[in-house]
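Single-structure report; data block below.
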Amino acid sequence: FSNSSQASYIVAHDVVDERLRQVKGSMSRVGFVPNGSGDSSDRDVYAAERGNVTIEIMNSSTLEASCLEFDAVLVDAPCSSSGVLRRRPSQRWEITQQEVFAQLPYLQLSILEKAASFVRKGGRLIYSTCSVLDVENDGVVDEFERTRAFSNLGFSRWDFGLDEANDKSSTCNYAHGKHTVTMLPTE
């Protein structure tokens, strides 16, 4: 945590209740305690034991009704998991070509468009997957750049500034796509 007196407010959201339950279970382990200001069962609020950070966990209906805007929104989109097949080898047989090339990109784009509505003017929208497939990364971002959400909300591409990052001392290799950066371990 920084010593800054400026408060940080983070909202955790997922459409899968089990994942939100796991986040709640991890809060005390990482130094957050319930602060009791959640006003319903749809919201849980945690404050940092040190520092000036608040994390609120919200379900979909509460988040959509909130009219909140954020400096940054991170979309960790559901994907084919092609980048983590080593850890999840069964995924190779559980996902179909139809899902990877038709259903997932459509879902990812719809999530990205929805998330864009929560970014304040001048803010950042960050899209993340654990996939190494172009159709789920550059392909989705290409499509997003053609949407009204992209043009109406004034988004622009972000220069990651990682050109010098592939030095020998780095623990990751970086590969650049048209709009993306892929980080892979150096092992």
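Does residue 36 satisfy the condition of being on the phi > 0 side of the Ramachandran plot and either at pLDDT 85 or above or open to solvent by less than 40 Å² (accessible area, probe 1.4 Å) (or both)?
Values: on the phi > 0 side of the Ramachandran plot: yes; either at pLDDT 85 or above or open to solvent by less than 40 Å² (accessible area, probe 1.4 Å) (or both): no.
So residue 36 does not fit the description; no.
If residue 66 satisfies all but one of (1) surrounded by 14 or more Cβ atoms within 10 Å (Cβ to Cβ); (2) modelled with pLDDT under 95; (3) closer than 30 Å to residue 45 by Cα, what's the number of the condition it fails?
With (1) surrounded by 14 or more Cβ atoms within 10 Å (Cβ to Cβ); (2) modelled with pLDDT under 95; (3) closer than 30 Å to residue 45 by Cα applied to residue 66, the lone miss is (1).
Taking the stretch 48-77, which residues are within 30 Å of residue 158 (Cα to Cα), outside any helix (DSSP H, G or I) and not aliphatic (A, V, I, L, M)?
51, 52, 54, 56, 59, 67, 69, 70, 71, 76, listed by residue number.
Kindly evaluate residue 80 against the criterion of being in a loop (DSSP other than H, G, I, E, B), surrounded by 14 or more Cβ atoms within 10 Å (Cβ to Cβ) and at pLDDT below 90.
Details: in a loop (DSSP other than H, G, I, E, B): yes; surrounded by 14 or more Cβ atoms within 10 Å (Cβ to Cβ): yes; at pLDDT below 90: yes.
It is true that residue 80 is in a loop (DSSP other than H, G, I, E, B), surrounded by 14 or more Cβ atoms within 10 Å (Cβ to Cβ) and at pLDDT below 90.
Kindly indicate the residue of the stretch 53-99 that is among the polar types (S, T, N, Q), in contact with a strand residue (DSSP E or B) (Cβ under 9 Å, 6 or more places away or on another chain) and in contact (Cβ under 8 Å) with a residue 24 or more places away in the chain and also nearest to residue 125 (Cα to Cα) among those meeting that condition. Steps first, please.
Restricting attention to the stretch 53-99, the residues satisfying the condition of being among the polar types (S, T, N, Q) are 54, 59-62, 66, 80-82, 90-91, 96-98.
With in contact with a strand residue (DSSP E or B) (Cβ under 9 Å, 6 or more places away or on another chain) added as a condition, the list becomes 54, 59-60, 62, 66.
Still in the running and in contact (Cβ under 8 Å) with a residue 24 or more places away in the chain: 54, 59-60.
Numbers: 54: 20, 59: 20, 60: 18 Å.
Here the residue is 60.
So, in the stretch 119-136, of the ones that are within 16 Å of residue 106 (Cβ to Cβ) and among the β-branched types (Val, Ile, Thr), which residue ends up surrounded by the most Cβ atoms within 10 Å (Cβ to Cβ)? Working first, answer last.
Here is the first cut: in the stretch 119-136, the ones within 16 Å of residue 106 (Cβ to Cβ) are 127, 129, 131, 133-136.
Keeping just the survivors that are among the β-branched types (Val, Ile, Thr) gives 129, 135.
Numbers: 129: 22, 135: 15.
Selected residue: 129.
Select from the stretch 114-152 the residues that are hydrophobic (A, V, I, L, M, F, W, C) and within 25 Å of residue 69 (Cβ to Cβ) and list them in ascending order.
Within the stretch 114-152, 115, 116, 118, 119, 125, 126, 140, 141, 144, 149, 150 meet the criteria.
Just one of (1) part of a helix (DSSP H, G or I); (2) touching a helix residue (DSSP H, G or I) at 6+ places or on another chain (Cβ under 8 Å) trips up residue 98, so point out which.
All conditions pass for residue 98, except number (2).
On the given criteria, is residue 87 in a helix (DSSP H, G or I), open to solvent by 80 Å² or more (accessible area, probe 1.4 Å) and at pLDDT below 90?
Here the answer is no, as residue 87 does not meet what is asked.
Filter the stretch 137-158 for residues that are surrounded by 13 or more Cβ atoms within 10 Å (Cβ to Cβ) and assigned to a helix (DSSP H, G or I) and give the result. Walk me through it before giving the result.
So in the stretch 137-158, the residues surrounded by 13 or more Cβ atoms within 10 Å (Cβ to Cβ) come out as 137-145, 147, 149-150, 153, 155.
Of everything in the stretch 137-158, those that are surrounded by 13 or more Cβ atoms within 10 Å (Cβ to Cβ) and assigned to a helix (DSSP H, G or I) turn out to be 138, 139, 140, 141, 142, 143, 144, 145, 149, 150.
Name the single residue that is surrounded by the fewest Cβ atoms within 10 Å (Cβ to Cβ) among those in the stretch 96-113 being closer than 17 Å to residue 68 by Cα and not β-branched (Val, Ile, Thr).
Residues of the stretch 96-113 that are closer than 17 Å to residue 68 by Cα, as a first pass: 111-113.
When the remaining residues are screened for being not β-branched (Val, Ile, Thr), the result is 112-113.
Numbers: 112: 21, 113: 17.
Ranking the candidates gives 113 first.
The values are calculated or read from the model by the stated rules, or taken from the named source; none is laboratory data. What you are looking at is a predicted structure, and each value in this text was computed from that prediction instead of being measured. We place every Cβ from the backbone using ideal geometry, glycine too, and count neighbours over all the protein chains shown. The protein model used for the area step is the full one, side chains on, heavy atoms only, and it has no ligands, DNA or RNA in it. Shrake-Rupley method; radii C 1.70, N 1.55, O 1.52, S 1.80 Å.
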